[in-house]
Amino acid sequence: MPRPSRWQSRTRVAAIAALLSALALATYAWQARRQLEWSIAQSGQLKERLRLAEAADAPRATPTPADYVAALATAPAVETVLRRLQRACAAQRVVLVSVNANSRDASPQSLGRTEVLFVLRGAYPQLKSVLAEGVDQPGAVLQRLMLRRQASSSDVEAQVALVLLTQPTTVRRN
């Protein structure tokens, strides 16, 4: 068999190179298509997660001022607050040093306010527990809290101003 000429060899090499280039291009296109399909699937999953997150974070019905006022007591509950404080103080071994209450009646335009001033003395963790129990009721607002460490012991003195709000006279339920 005769030996092929240089021109025929170069043509074959060029044809093989073109074939390999086409194969490489087809492989690249196939991988690019797979990557695109995977990206589309991922974006669908991300869209679903985003939709679920937005549904969870959707604004809920916010309470209106009328809802807040309706939840308030119609009369100041000073006695109830003092009983809860005394029970919590006894349970936590905290001393209730003094109590003072000042009241302002409700009018049709404003909420009623009763300011209860009291002084507690005891260890800091126990004071926190007593205050958490005393403030945990509708219409109770912790207006002022001043803590002072006692020089002679490890006790802390807490001066507390707690405001109890009541409904205006026009909103009161019969």
GNM flexibility winner over the chain from GLN150, GLN31, GLN137 (Cα, springs under 10 Å): GLN31
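Give the whole-number value, in cubic angstrom per residue, of the convex hull volume spanned by the C-alpha atoms of the chain. Provide the component values of the computation, followed by the final result.
On the way: hull volume 53.1 nm³, N = 174.
Spread over its residues, the Cα hull of the chain gives 305 Å³ apiece.
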Local electrostatic count, SER43, Cβ distance below 12 Å [Lys/Arg +1, Asp/Glu -1]: 0
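With the Cα gyration tensor of the range 51-106 giving a ≥ b ≥ c as the square roots of its eigenvalues, does the rule (a/c under 1.5 for rounded; else a/b larger than b/c for prolate; else oblate) give rounded, prolate or oblate? Don't skip to the end; give the middle numbers.
Details: a/c = 4.60, a/b = 1.81, b/c = 2.54.
Because a/c hits 1.5 or more and a/b fails to exceed b/c, the range 51-106 counts as oblate.
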Mean Cβ neighbour count within 10 Å, used as a protection proxy, ranking 85-93, 156-164, 49-57, 119-127 highest first: 156-164, 119-127, 85-93, 49-57
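I'd like the carbon and sulfur percentage of the solvent accessible area for the chain, probe radius 1.4 Å, heavy atoms only, ligands and nucleic acids excluded. Mind dumping the intermediate values first?
Working: 7420 of 12900 Å².
Accessible surface attributable to carbon and sulfur in the chain totals 57 percent.
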Point-to-point label distance, LEU19-ALA55, nm (Cα→Cβ direction, 7 Å offset): 5.6 nm
Neighbour net charge for LEU127 - beta-carbon separation under 10 angstrom, K R +1, D E -1: 0
Probe 1.4 Å, accessible area per residue of the chain, Å²: 74 Å²
Contact order relative to length of the range 37-174, as percent, for alpha carbon pairs under 8 angstrom and 6 or more apart: 28 percent
Choice from THR27, THR114, THR74 showing the highest fluctuation, given a GNM over the chain with Cα pairs closer than 10 Å: THR27
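The values are calculated or read from the model by the stated rules, or taken from the named source; none is laboratory data. Note that this is a predicted model, so its numbers are computed, not measured. Here Cβ is always computed from backbone atoms with ideal geometry, including for glycine, and neighbour counts include all displayed protein chains. Note: areas computed on protein heavy atoms with side chains; ligands, DNA, RNA excluded. Shrake-Rupley method; radii C 1.70, N 1.55, O 1.52, S 1.80 Å.
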